[in-house]
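Trainee: If you scroll down you'll find the structure; I have some questions about it.
The values are calculated or read from the model by the stated rules, or taken from the named source; none is laboratory data. Quick caveat, the model's predicted, so the values are computed rather than measured. Here the Cβ is made from the backbone with ideal geometry for all residues, glycine too, and neighbour counts use every protein chain on show.
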């Protein structure tokens with residue numbers, strides 16, 4: 001009887017939770033670099049950083065907006081998100097419940113690991 005209850009509980013958890021939701025954090029580490037390798041002050045979604053650096057960005061379907069005001073780098077760079085391949089594994093194993101969870105938590109999205117800002 002305990003075995004059946006344990007198997008039922010494990011099956012319920014696996015079907016009702018999203019694979020990307022379990023495997024991915026809310027934040028993703030992204031390597032932000034400049035094309036010329038020099039330091040540059042940039043803003044990423046309003047947060048000021050000095051590139052090159054590694055930053056934590058929130059996983060979302062929205063693009064990252066990277067801006068520069070110092071004149072030596074492109075005024076704006078857009079980094080679009082894409083669906084993390086883990087999400088597709090979830091569709092095969094978890095079906096509609098798991099994929100809906102991944103979509104609602106936005107953990108199904110990822111950015112490129114390295115984002116390059118064009119600089120002179």
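Trainee: Please determine, by comparing only the residues of the range 76-88 that are at pLDDT below 95 and in a loop (DSSP other than H, G, I, E, B), which one is farthest from residue 42 (Cα to Cα).
Mentor: 84
Trainee: Give me a count of the residues in the range 89-120 that are at pLDDT 65 or above, outside any loop (DSSP other than H, G, I, E, B) and in contact with a helix residue (DSSP H, G or I) (Cβ under 9 Å, 6 or more places away or on another chain).
Mentor: Residues flagged as at pLDDT 65 or above, outside any loop (DSSP other than H, G, I, E, B) and in contact with a helix residue (DSSP H, G or I) (Cβ under 9 Å, 6 or more places away or on another chain) within the range 89-120 amount to 3.
Trainee: Here's something else I'd like to know. Filter the range 41-89 down to the residues that are in contact (Cβ under 8 Å) with a residue 60 or more places away in the chain and in contact with a strand residue (DSSP E or B) (Cβ under 6 Å, 6 or more places away or on another chain), then identify the one that is nearest to residue 28 (Cα to Cα). Steps first, please.
Mentor: So in the range 41-89, the residues in contact (Cβ under 8 Å) with a residue 60 or more places away in the chain come out as 42, 51, 84, 86-87, 89.
Filter once more, keeping what is in contact with a strand residue (DSSP E or B) (Cβ under 6 Å, 6 or more places away or on another chain): 42, 51, 84.
Details: 42: 18, 51: 17, 84: 11 Å.
Result: 84.
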